[in-house]
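Worksheet: the structure to be examined is printed underneath.
The values are calculated or read from the model by the stated rules, or taken from the named source; none is laboratory data. Please read these numbers as outputs of a predicted model, since none were measured by experiment. We place every Cβ from the backbone using ideal geometry, glycine too, and count neighbours over all the protein chains shown.
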Amino acid sequence: MACRRPLHFVFKVGDRWKTAQFYRDVLGWKVLRHEEFEEGCKATCNGPYDGKWSKTMVGFGPEHDHFAAELTYNYGVGEYRLGNDFLGLTLQSSQAVGRARRLGWPLTEVSESLYVTEAPGGYRFYLLDREQPDCDPVQKVSLAVSDLQRSVHYWSTLLGMNVMEMNEEKRCVLMGFCKSQCKLELQDIGAPVDHGTAFGRIAFSCPREQLPDIEALMRKEKQKILSPLVSLDTPGKATVEVVILADPDGHEICFVGDEAFRQLSTLDPNGNELLDKAMVADKSDEWFAKHNKQKASA
């Protein structure tokens, strides 16, 4: 499936200020675009919430050839409970390691030239202390599974991913659509996968014409479909069509039509300014403090 490609991973965030500092100042990622919404997403991109929320796309470069993070912020929700589902995102950047040290951001050495740090909310990021490449520095996203053989069947036979590396001793597999793209690593943890309330979602694009076929295959194989083919509107931008799936362990998977997504994901030179403006305008922290209350925990 060479025409399919990984796009981003969705993280729910409770503190946009600290989150923005981590991605911009520590990792060195750019704000690619920022959007505000008055009501919840029809495909639950922001989780099971109906109120006002925002989406900020961040990455090392344009979304058409870089893997990104989608940061969803639900107004009024201050924190989310982590499960054991998301194991980490690995990127190669000695520059990020250097910035973390200079800023005093907690950094733990895992092995030679490999460090682990955490984004606000507890999401793990593995930093490979090597020169940042000209291509996309994001190497892989690691997710926990409870039955590796079953998961490999799902991701390869049903979704068309290639097995690139298999480590039976560590009970993990590295998969992808193309060697030059960000990979998906599945790690068998030998226990049920708990998604907590912070559960994320991994997104891929494919030609729009493949979306009905993906949905039909999942119905035929009696696999879980969270959202049948649906159109999602972004004010002033392209409308995209998506199908949302869940793998055998409940990991959410979004397939989006590539043609419209390329229009939607055009780099917005005002993205950084829009995010800063939204954070300044958000007085929710002040309101909760004034009324001696705490934001909700999801």
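For the structure I just gave you, tell me whether Asp194 is in contact (Cβ under 8 Å) with a residue 60 or more places away in the chain, farther than 30 Å from Thr266 by Cβ, among the charged types (D, E, K, R) and touching a Gly at 6+ places or on another chain (Cβ under 7 Å). Reasoning before the result, please.
Details: in contact (Cβ under 8 Å) with a residue 60 or more places away in the chain: yes; farther than 30 Å from Thr266 by Cβ: yes; among the charged types (D, E, K, R): yes; touching a Gly at 6+ places or on another chain (Cβ under 7 Å): yes.
Yes; evaluated as a whole, the condition is true for this residue.
Looking at (1) farther than 28 Å from Gly83 by Cβ; (2) in contact with a strand residue (DSSP E or B) (Cβ under 8 Å, 6 or more places away or on another chain); (3) buried (at least 16 other Cβ atoms within 10 Å of the Cβ), can you tell me which one Ala238 breaks?
So the condition that Ala238 fails would be (2).
Tell me, yes or no, whether region 44-58 has at least one residue that is among the acidic types (Asp, Glu) and in contact with a His (Cβ under 9 Å, 6 or more places away or on another chain). Walk me through how you get there before you give the answer.
Initial filter on region 44-58 (among the acidic types (Asp, Glu)): 50.
Next, from what is left, pick out any that are in contact with a His (Cβ under 9 Å, 6 or more places away or on another chain): none.
No; the residues of region 44-58 include none that is among the acidic types (Asp, Glu) and in contact with a His (Cβ under 9 Å, 6 or more places away or on another chain).
Mind listing just one residue for me: the one in region 114-150 that is part of a strand (DSSP E or B), hydrophobic (A, V, I, L, M, F, W, C) and within 19 Å of Met161 (Cα to Cα) and, of those, nearest to the chain's Cα centre (by Cα)? Let's see the steps before the verdict.
Taking region 114-150 first, the residues part of a strand (DSSP E or B) are 114-118, 124-128, 138-145.
Filter once more, so that each one left must be hydrophobic (A, V, I, L, M, F, W, C): 114, 116, 125, 127-128, 138, 141, 143-145.
Still in the running and within 19 Å of Met161 (Cα to Cα): 138, 141, 143-145.
Values: Val138: 12, Val141: 9, Leu143: 11, Ala144: 15, Val145: 17 Å.
Selected residue: Val141.
Can you find, within region 165-218, the residue that is surrounded by the most Cβ atoms within 10 Å (Cβ to Cβ) among those that are of a type in the set (Asp, Glu) and over 18 Å from Val152 (Cα atoms)?
So the first thing to find is which residues in region 165-218 are of a type in the set (Asp, Glu), and the list is 165, 168-169, 185, 188, 194, 209, 213, 215.
Filter again for over 18 Å from Val152 (Cα atoms), leaving 194, 209, 213, 215.
Working: Asp194: 15, Glu209: 10, Asp213: 12, Glu215: 18.
The selected residue is Glu215.
Looking only at region 166-177, decide whether some residue is in contact (Cβ under 8 Å) with a residue 12 or more places away in the chain and of a type in the set (Asp, Glu).
Within region 166-177 (the criterion being in contact (Cβ under 8 Å) with a residue 12 or more places away in the chain and of a type in the set (Asp, Glu)), the answer is no, since none of the residues qualifies.
Output the qualifying pairs, or none if there are none: Cβ atoms under 9 angstrom, residues six or more apart or on different chains, first residue in region 258-281 and within 14 Å of Arg16 (Cα to Cα), second residue in a loop (DSSP other than H, G, I, E, B) and of a type outside the set (Lys, Arg).
Note: pairs meeting the criteria are Leu274/Asp268.
Yes or no: region 267-284 includes at least one residue that is modelled with pLDDT of 95 or more and of a type in the set (Lys, Arg).
Checked against the condition, which is being modelled with pLDDT of 95 or more and of a type in the set (Lys, Arg), region 267-284 yields at least one hit.
Check Trp53, Trp29 and return the single one that is modelled with pLDDT of 95 or more, buried (at least 22 other Cβ atoms within 10 Å of the Cβ), farther than 25 Å from Cys182 by Cα and not hydroxyl-bearing (Ser, Thr, Tyr).
Numbers: Trp29 fails: farther than 25 Å from Cys182 by Cα.
The conditions single out Trp53.
Restricting to region 56-88, name every residue that is at pLDDT below 90 and either among the charged types (D, E, K, R) or under 15 Å from the mean Cα position of the chain (by Cα) (or both).
Answer for region 56-88, where residues must be at pLDDT below 90 and either among the charged types (D, E, K, R) or under 15 Å from the mean Cα position of the chain (by Cα) (or both): there is none.
I'd like the residue in region 32-45 that is out of contact with any Asp or Glu (no Cβ under 8 Å at 6 or more places or on another chain) and at negative phi and, out of all such residues, is surrounded by the fewest Cβ atoms within 10 Å (Cβ to Cβ). Don't jump to the end; show me each part of the working.
From region 32-45, those out of contact with any Asp or Glu (no Cβ under 8 Å at 6 or more places or on another chain) are 35-38, 41-44; that's our starting set.
Applying the additional criterion that residues be at negative phi yields 35-38, 41-43.
Values: Glu35: 19, Glu36: 18, Phe37: 17, Glu38: 8, Cys41: 20, Lys42: 13, Ala43: 21.
Per the stated criteria, the residue is Glu38.
Could you name every one of the strands (runs of 3 or more DSSP E) located completely within region 183-255 that has at least 2 residues being modelled with pLDDT of 95 or more and acidic (Asp, Glu)?
On the way: elements: 183-188, 201-206, 224-232, 240-246.
Correct list: 183-188.
If we keep just the residues of region 89-117 that are surrounded by 17 or more Cβ atoms within 10 Å (Cβ to Cβ) and out of contact with any helix residue (DSSP H, G or I) (no Cβ under 8 Å at 6 or more places or on another chain), which is farthest from Gly14 (Cα to Cα)?
Gln92
Quick test for you: out of Gly121, Gly160, pick the one residue that is in contact (Cβ under 8 Å) with a residue 12 or more places away in the chain and in contact with an Asp or Glu (Cβ under 8 Å, 6 or more places away or on another chain).
Numbers: Gly160 fails: in contact with an Asp or Glu (Cβ under 8 Å, 6 or more places away or on another chain).
Of the residues listed, the single one that is in contact (Cβ under 8 Å) with a residue 12 or more places away in the chain and in contact with an Asp or Glu (Cβ under 8 Å, 6 or more places away or on another chain) is Gly121.
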